[in-house]
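Have a look at the structure below, then the notes.
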Amino acid sequence: MTIALRLALALAFFIFAASPVSAQLHSGKTLVKASLLADTTAIVPGQPFQVGLLLEMAPGWHTYWEYSGDSGLPTTIDWNLPPGFAAGAIQWPVPEAKVEPGDIQVYAYSGRVLLLTTITPPPDVTGNVILRAVASWLVCEEICVPGGAELELSLPVGNSAAPANAAIFEEFRSRLPSNEPPPFELAWKRAGDVLTLQVQGAPAATPLSLYPLPTKNQIVGHPAFEAPNTLTIKAASPFTGVLSAGEGPARRAWFVSDTASVEPVATSQSTLSLWVALFYGFLGGLILNLMPCVLPVISLKIFGFIKQAEDSRRSIFLHGLAFAAGIFVWFLGLATVIIGLKSGGTEVTWAFQFQNPWFNVVIGSVVFVFALNLAGVFEFVLPGRASNVMESAGSTSGLTGSFFQGVFATLLATPCTAPFLGSALGFAFSQSAAVILAMFVAVASGMAIPYLILSASPGWLKFLPRPGVWMEHLKQFMAFPLLATLVWIFSILGGQRGTEGVVCFCAFLLCLAFACWLLGSFCGPLASRAKRTITLLFILATLGLGGWYFLGKKFAHIGLETMDRIAWVPFSKARVEEELAAGRSVFVDFTADWCITCKFNERTAIDTPAIRALLKEKNITPIKADRTNANPEITAALKSFGRVGVPLYVIYPASTPTAPMVLPELLTESLLADALKKIP
């Protein structure tokens, strides 16, 4: 079965969530039998008891845990209880990990499962009581079939009660995760987003399993055994999950979290990462010599050394050393500036910086700008006066002249070196002083080594590749590794701020790209001063407004706006008619999670303090018709207005319910406010 088919069937779950049990028939076979069981023979007023939803699956089929994994949907129970009764949350027995076709890992139940709920009756309950519930699930084998049932359970009320269904309740209560600490010592270690759990004291033959329970918008991987009793998982902090030990009737489980003890991972991994980073720095410095503005200079400099030294090999090599020393002095000077700027701030540890979403925004923007530069959208160009000063300083004869040529050649090559320096800067600002120095020594070594080799053996000049169009192609190609880095940053940011945060950042990058295009198109060396000034004003306005709106107003508040939001009511035609019959006007928002215009309108024009105040003042019921998943009733409502898609905004005045007001697809706060003010 293809992943697309699985997703389609999973979406169908929402359409048929309340289907009768007969919907579970597949090729004449009953896939799931559902029933309600109580752990008591009678209800004692005011005394809590438990009811379990028993799902009995056909062989080979399974339903899902509260966190289903890569695919699937958890079972839901919608209780319809008599007045005064209260139902707690579902208590989930520990599941099993399964790998489905397509290497999709899920957490599921096979055979049968009892999902427990604690019911609390009022102290004054009398007579017989009927407990009703609508259960919905997704059951899968090679295909997935949504199912559901309307269930009820009748219990008498008495002054005392005896246990009922004791064996099955005891079986599944023993599989519930405990909030008590496990009888083993847990050692947590973290390196960035990789979390390691070592279970100390567990018998070597005891099977261990770890099941993640991610929070909203948290991205987690799947646990894997690194060694006996040692599991690793990719997850941002804080991580919570369920640890199970044993199998069969002896299996036990506990809720666990890494927040109690987080330790840095062994230094060997960090050391390895550092050496890899230094190698990339060296490689980046070496690649600089192949860029269009650097490669032609190498031969000219070496021939200049030969001319100055009058064919003395020792003197030629000394000139090469002086030139390389100039390169090192430039890079070490830059490292010193960074260390000085950083000394007044807070030190951060290896890889910790990526846990800060704002760091990821900054470094992602830097990477994106330099990728655009390499792709040719714009060029870094030094002011002509600065270039003249540096060329004059480097014209001194002798070793001193070669030294200053090395210093200034590095900066004169800025149009090519800036992207690599920018990435190094982004890395260096997050490291210790020693790592900063090591990184810039690595970059300087990569850039200087061709001059040292060729000054030691000038005859090797014939092996240098000839300049040509290929250099420009290489430069453009180097933009793609930077864009790949940006994709990786998106993945981190998505785990921190969710899809909405990534969309806001992408919107800002669009503004940044437009600003870079303006710079490259209208601020070239031949542009007049007036043209450059006007363009720079446009660039500042684009970046200022884009940064203020998409980062300052939107990104900065993602995750902080959950308290004061519109309390939407789910759409149904019956609910709209009910509200209108009660004399309350209705505002219906036809929307979907995949609709960009809908989300833009909701953020900018609908869910704002002014609109929330108007809805409350006018006693208007906000109803959301969410079409993220197919819904025949919402589709029919859209067709009644001659629409086939979202967004659609409709106001039903209680005074004239048969004359609804249809608003434009692209809303503004003032337009919506004016429409709401017209309602008496």
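The values are calculated or read from the model by the stated rules, or taken from the named source; none is laboratory data. On a predicted model such as this, the values are computed, not experimentally measured, just so you know. Here Cβ is always computed from backbone atoms with ideal geometry, including for glycine, and neighbour counts include all displayed protein chains.
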> Could you say which residue among Leu519, Leu482 is of a type in the set (A, V, I, L, M, F, W, C), closer than 18 Å to Glu379 by Cα, modelled with pLDDT of 85 or more and in a helix (DSSP H, G or I)?
Replying inline: Leu519
> Out of all the residues in segment 60-107, which are part of a strand (DSSP E or B), touching a Ser or Thr at 6+ places or on another chain (Cβ under 9 Å) and more than 16 Å from Ser136 (Cβ to Cβ)?
Replying inline: Ala86, Gln91, Glu96, Ala97, Lys98, Glu100, Ile104, Gln105, Val106, Tyr107
> In segment 657-680, which residues are exposed (fewer than 14 other Cβ atoms within 10 Å of the Cβ), over 33 Å from the mean Cα position of the chain (by Cα), closer than 22 Å to Pro570 by Cα and not hydrophobic (A, V, I, L, M, F, W, C)?
Replying inline: Thr658
>> Suppose we filter segment 588-601 for residues that are at pLDDT below 80 and outside any loop (DSSP other than H, G, I, E, B); how many remain?
In response: 5
> Does Glu180 meet the test of being within 36 Å of the chain's Cα centre (by Cα) and either in a loop (DSSP other than H, G, I, E, B) or closer than 30 Å to Arg132 by Cα (or both)?
Replying inline: yes
> Going through segment 108-127 one residue at a time, which ones are farther than 24 Å from Glu141 by Cα and either at pLDDT 95 or above or assigned to a strand (DSSP E or B) (or both)?
Replying inline: Leu116, Thr117, Thr118, Ile119, Thr120
> Does Pro292 fit the bill of being outside any helix (DSSP H, G or I), modelled with pLDDT under 65 and more than 30 Å from Glu171 (Cα to Cα)?
Replying inline: yes
> Could you give every pair whose Cβ atoms fall below 7 Å, whose first residue belongs to segment 642-662 and is touching a residue at least 12 places away in the same chain (Cβ under 8 Å), and whose second residue is among the charged types (D, E, K, R), counting only separations of at least 6 or pairs across chains?
Replying inline: Val646/Arg627; Pro647/Glu665; Tyr649/Asp589; Ala654/Arg584
> Among all residue pairs at least 6 apart or on different chains, which show Cβ distances below 6 Å where the first residue, located in segment 526-544, is assigned by TED's automatic domain parsing to the domain that holds Phe514 and over 17 Å from Glu379 (Cα atoms) and the second is modelled with pLDDT of 90 or more and in a helix (DSSP H, G or I)?
Replying inline: Phe538/Leu518; Thr542/Cys511; Thr542/Phe514; Thr542/Ala515; Leu543/Ala515
> Checking Val157 against (1) in contact with a Pro (Cβ under 8 Å, 6 or more places away or on another chain); (2) among the hydrophobic types (A, V, I, L, M, F, W, C); (3) under 27 Å from Ser110 (Cβ atoms), which test does it fail?
Replying inline: (3)
>> I'd like to know if segment 602-620 contains one or more residues that are under 19 Å from Glu669 (Cα atoms), in a strand (DSSP E or B), out of contact with any helix residue (DSSP H, G or I) (no Cβ under 6 Å at 6 or more places or on another chain) and touching a residue at least 12 places away in the same chain (Cβ under 8 Å).
In response: no
> When you go through Gly376, Gly398 one by one, which is the residue that is within 16 Å of Phe480 (Cβ to Cβ), in the same structural domain as Cys504 (by TED's automatic domain parsing), surrounded by fewer than 22 Cβ atoms within 10 Å (Cβ to Cβ) and at pLDDT 50 or above?
Replying inline: Gly376
